[in-house]
Amino acid sequence: MKKYKNYIIGFVLVLIGMVLGNLFSGGNSTIKENHEHKLTKDAATQLWTCSMHPQIKMQEPGNCPICGMELIPLETNTTSENINVDEIVLSESAYQLGNIQTSVVQKSQAEKEIRLLGKVQANERNLYSQVSHIPGRIEKLYVNFTGENVSKGQKIARIYSPELISAQKELFEAINSKKVYPALYTASRNKLKLWKLTDYQIDAIEKSGNLQEQIDILSDYSGYVIKRNVEVGDYLQQGSTLFDVANLNTVWILFDAYEADIQWINIGDIVEYTIQALPGESFTSKVSYIDPFISSGSRVAKVRVEMSNTSHKLLPEMFANGIIKASLKNTKDALIVPKTAVLWTGKKSVVYVKVPHKNTISFVNRTVNLGADLGNFYIVENGLNEGEIVATNGVFKIDASAQLIGKQSMMNPKNEKGTIKNEAINNIQISFGVRGNCSMCKATIEKAALNVDGVKTAIWDVDKKKITLEFDDSKTNEIEIHKAITLVGYDTDKMKANNEAYNNLPSCCLYSKEMKMNQ
């Protein structure tokens, strides 16, 4: 009995040992398997890309097959939040280093600050032509240079006129018969008045009782002489122009408004302006006239304001800078976005909208239709909603990040059907060994690979005996490319070449079957 008891105890001990041994060895195996699985998974998910050619994505580090630059790790999203495939995720440090700033899209009055350039001009309503009302010959000019200031009633010229002498004779005869024919006397005086002689001049003629062969012409207007049309000795007809005169007590400021700004400007709008020649002074006037025609040469229309200028500080041709704070007609509240938020891609314009995540900073590319230009803002017709947040500073950096990871960006816009034009989304980059000797081999190998539908690029390295390819995995696969290369006579690291094709290769291309590949 004791003997059987020892057997049982021994059997139990052996059984316990086996269980414990299996437990320890199994646990280590599980840990090892899990560890290896994790490493394999990490290695499988890590991709490498080129900073200059982001369409290149390799499963191992190395150099870019296009430019030769060293590949860099492609960052992947590790957040637990539900991230859309189109979102561009930024780390907190990238957000800070990029100096990314945002603003809330909101509705506001569509107002625009229009800046205008202009010049002071003489008021055309105050331009006059001083004429001679008496025919004759100029004997003397009292005003003899352009720019001279004249006053109404001032002597401007002395004239000899035979017609005036005849009129004086008629006046003297009428004076002698004044009591009998008073109407004749009145008619004689009125004739002289029609020639713009004053009562004082006519009374002086009557009082002297002598014919005056010359008489002074008086100015009808006050202002500056802007043009002199006669010289001493000139013969004049009745109505001949002596001088052109401009009165500068009021002046016009004519501003140039571009055709795109005309819709914003209305008669009665307030213009705040300064004159370059009068630093420190500012003026305010209302728009009194808008030219209905646009100049075909300059593409501008004239906007006019009037200014009192009794001190004559404002002179014609002085430069003026004006500002109109205008509101768009028939528009109340409009959705507006800062100009710095908008990127132009040909005919389209895009913004980057911040996605409201709790712990993740991400943006998504959004196409918008823009309305009127408000200076520092645009009106958004559609594509954005009130309350959304858009990037307003560092927008190009967000776009560059999107480009580097192959997402929608300025260089990689959506097509008309809404699919991303970047074919690298379905592309795969691989490399494998191919035997060969020379440049002729290179041309044949690359041509064979490129003839496979779906292969985008093929570059064979004659020294490393390795080909690097990019292909669309929805159209072909690696095995088909291997087959195409072997059919033209070249071994790959997975398939042997067709013997007949190998034997038909040029002598310089007959490589050694023992040649190492993919070095």
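Only the coordinates and a few stated rules stand behind these numbers; no lab work does. Everything numeric here is computed off the predicted structure, so don't read it as measured data. Backbone-built Cβ (ideal geometry, glycine too); neighbour counts: all protein chains shown.
Rg/Rh for the range 133-239 stands at 1.03; both radii use Cα atoms, and Rh follows the Kirkwood definition. Within straight-line reach of LYS483, meaning a Cα separation under 14 Å, sit the following aspartates and glutamates at least 8 residues removed in sequence or on another chain: GLU446, ASP453, ASP491, ASP493. Largest first, the three principal axis extents of the alpha carbons in the range 250-327 are 34, 28, 20 Å in whole numbers. You can think of it this way: the chain between HIS312 and THR250 has 21.5 nm of extra reach, that is 0.36 nm per residue less the Cα-Cα gap.
Three principal axis extents of the range 353-402 based on alpha-carbon atoms, in descending order, are 35, 22, 17 Å. Pairs of Cα atoms nearer than 8 Å and 6+ residues apart set the relative contact order; for the range 125-190 it is 27 percent. Taken about its Cα centre, the range 82-151 carries a charge dipole of about 660 debye when Lys and Arg each add +1 at the Cβ and Asp and Glu each add -1 at the Cβ.
Residue pairs exceeding 23 angstrom between C-alpha atoms, taken from LYS227/LYS302; LYS354/LYS397; LYS107/LYS347; LYS107/LYS339; LYS107/LYS407: LYS227/LYS302; LYS107/LYS347; LYS107/LYS407. Each residue of the range 388-401 was assigned a 3J(HN,Hα) from its phi angle through the Karplus curve 6.51 cos²θ - 1.76 cosθ + 1.60 (θ = phi - 60°); the sequence is 5, 10, 10, 6, 10, 9, x, 5, 5, 5, 5, 5, 5, 4 Hz, with glycine and proline shown as x.
Only Cα sites of the range 426-509 enter the Debye sum here, all with the same form factor; the resulting log10 I(q)/I(0) across q = 0.20, 0.24, 0.25 1/Å is -0.81, -1.15, -1.23, listed in q order.
Peptides 480-489, 495-504 ranked from most to least packed, by the mean per-residue count of other Cβ atoms within 10 Å: 480-489, 495-504. The alpha-carbon of LYS325 sits under 20 angstrom from the alpha-carbons of these aspartates and glutamates, leaving out residues fewer than 8 places away in its chain: GLU111, GLU113, ASP256, GLU259, ASP261, ASP269, GLU272, GLU281, ASP291, GLU306, ASP333, ASP373. The charge dipole of the range 146-221, taken about its Cα centre with unit charges on the Cβ atoms of Lys, Arg (+1), Asp and Glu (-1) only, comes to about 220 debye.
Put simply, the amide H of ASN309, placed in the peptide plane, has neighbours under 5 Å in THR250, VAL251, leaving out anything fewer than 5 places away on its chain.
When all alpha-carbon pairs of the range 313-388 are counted, what percent fall beyond 16 Å? In whole percent, the share of Cα-Cα pairs in the range 313-388 beyond 16 Å is 62. Extension gain, ILE389 to SER282, is 34.6 nm, computed as 0.36 nm per intervening residue step minus the present C-alpha separation. Around the Cα centre of the range 69-188, unit charges on the Cβ atoms of Lys, Arg, Asp and Glu (plus for the first two, minus for the last two) sum to a dipole of about 2140 debye.
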